[in-house]
Amino acid sequence: MAGMVTTTTRHREITVNGRCLTSGAETLAALLVEEGFADVKVATAVNGDFVAARARVEVRLADGDRVEILSARQGG
């Protein structure tokens with residue numbers, strides 16, 4: 001059909017907290033939503049580099065990336 005745009009999601013093989021997975025997330029922010037961390041305060045790193053919360057929408061993910069998602073723990 002003329003004028004119809006087809007979009008396909010490119011899946012990436014990434015490692016999140018040591019767990020290998022396939023993700024359709026293009027950015028770190030999208031990955032956090034996909035993994036259920038959208039409303040949780042977390043610290044993040046990609047390939048060993050800290051990523052501030054405000055920068056997550058700009059950090060694009062690629063095959064082979066290693067992502068760490070860390071949440072604060074309470075208690076003693």
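The values are calculated or read from the model by the stated rules, or taken from the named source; none is laboratory data. Fair warning: this is a prediction, and the values are worked out from it, not measured in the lab. Cβ placement follows ideal geometry from the backbone for every residue including glycine, while neighbour counts extend to all protein chains displayed. Heavy atoms of the whole protein, side chains included, go into the accessibility calculation; ligands, DNA and RNA do not. Shrake-Rupley method; radii C 1.70, N 1.55, O 1.52, S 1.80 Å.
In nanometres, what is the gap between the two model label sites at His11 and Ala55, each 7 Å from Cα along Cα-to-Cβ?
Result: 3.0 nm between the two label points.
Any idea of Glu34's accessible area? Nearest 10 Å², probe 1.4 Å.
90 Å²
Rolling a 1.4 Å sphere over the protein heavy atoms, what is the accessible area per residue of the chain, to the nearest Å²?
Value for the chain: 73 Å² per residue.
Check which residues have an amide H placed less than 5 Å from Val51's amide H, if you skip close sequence neighbours.
So Val51 has HN proximity to Thr44, Ala45, Val46.
For the chain, which whole percent of the accessible surface, found with a 1.4 angstrom probe, sits on carbon and sulfur atoms?
Its accessible area is 51 percent carbon and sulfur atoms.
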